[in-house]
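Please treat every number below as a calculation from the coordinates, not as lab data. Computed from a predicted structure; not experimentally measured. Here the Cβ positions follow ideal geometry from the backbone for every residue, glycine too, while neighbour counts run over all protein chains shown.
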Amino acid sequence: MKDQNFCNSQCPLTRAIGSIGNKWKPLIVHVIRRRTIRFGQISAHIPLITRKVLTEQLKELEEDGIVNRTAYKELPPRVEYALTTKGMALLPIVDQIQDWYVQFEMQQK
């Protein structure tokens, strides 16, 4: 559930953290990357996240315009997720966070 204090803040950094600042959202963005992917595939790539939390996080990412959800009227139902232009703009930032961690982990060894 989103913290409305973050969403309603006048500070751009605070609002950005409200959109992507938990442990799952950057991972979800990283998994989706530049492809269309189904819920089960995302879940398989992030085995520690529960289906309930993944559903909530995807819904919030969709509300923030980061992820596009496409539901097909088929039996069985099919839903696919893809990054929007706004979501694609996050990829270099997610990559930089990963690079930052790797760089400092290597220094520790």
Using the beta-carbon distance between GLN10 and VAL31 and R0 = 25 Å, what value does 1/(1 + (r/R0)^6) give for FRET efficiency, to the nearest 0.05?
0.20
Hand me the GluC sites (Glu not before Pro) from region 1-92 located in a DSSP loop with no more than 15 other Cβ atoms within 10 Å, in residue order please.
GLU74
Give me the one-decimal nm value for the distance between modelled label points at ALA71 and TYR101, 7 Å along each residue's Cα-to-Cβ direction.
3.2 nm
I need the P(r) histogram for region 4-108: all alpha carbon pairs, bin width 5 Å from 0 out to the longest distance, whole percents.
2, 11, 20, 22, 19, 12, 7, 3, 1, 0, 0
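Mind checking which helices in the chain clear 20 Å along their axis (Cα) and have mean Kyte-Doolittle hydropathy of -0.5 or more, DSSP H runs only?
Numbers: long enough: 85-108 (36 Å, -0.14).
Helices meeting the criterion: 85-108.
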